[in-house]
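These notes are about the structure you will find just below.
Every read-out reported here was derived from the displayed coordinates using simple, explicitly stated rules and does not represent laboratory data. Only a predicted model underlies this, so the values are computations on that prediction, with no experimental measurement involved. Because the Cβ atoms are built from the backbone with ideal geometry, glycine has one as well, and the counts that use them run over all protein chains shown.
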Amino acid sequence: MSIGQILVIDNDDTARFLLSRVMYRMNRTESLFFAKNEREALELMGRQEFSLILLDLHQPNANGFELLQGLGQWQEATGKSLPRIVVLSSGDTDNAYSKARTEYFHMVSAHLEKPFTEHHVLQLLEVEGE
């Protein structure tokens, strides 16, 4: 089962590399696109349609909550639907995910904690693909 095209918004080179290896090894996506920040993400979303966004909540220049807000504004401005959004976080995961679900419940569908394993990603993709 393929999820389709996935957009990963994460500034960490290592996290992007590991996620791409896991995703391609599992052969569960048509293609992966990467953005390091909101500007790059919105540019890609203007050119491509995505089935899923994986968004790191801990970004150095704009945190994931600001990115979620920007995605909501993009949706309002363009009239396009947002794909499912899964938030990625490390550290204070319970509080971060809880805040994302509370403030952006209509946008956030799940959470994936870093560091993740292939098993965690597979579980997430099975749920997201249903």
Förster-model FRET efficiency, 25 Å R0, residue 117 and residue 40, C-beta, rounded to 0.05: 0.40
Calculated from backbone phi, Karplus (6.51, -1.76, 1.60) coupling profile of region 49-59 in Hz, x at Gly/Pro: 9, 10, 8, 7, 10, 9, 10, 6, 6, 10, 10
Vicinal HN-Hα couplings computed from phi for region 15-20 (Karplus, 6.51 cos²θ - 1.76 cosθ + 1.60; Hz; Gly/Pro x): 4, 4, 4, 5, 5, 5
Fewest-first sequence of 3, 53 by Cβ atoms within 10 Å of each Cβ: 3, 53
Contour minus Cα-Cα distance for residue 24 and residue 66 (0.36 nm per residue): 12.2 nm
Extension gain (nm, one decimal) between residue 49 and residue 74, 0.36 nm per residue minus Cα-Cα: 7.7 nm
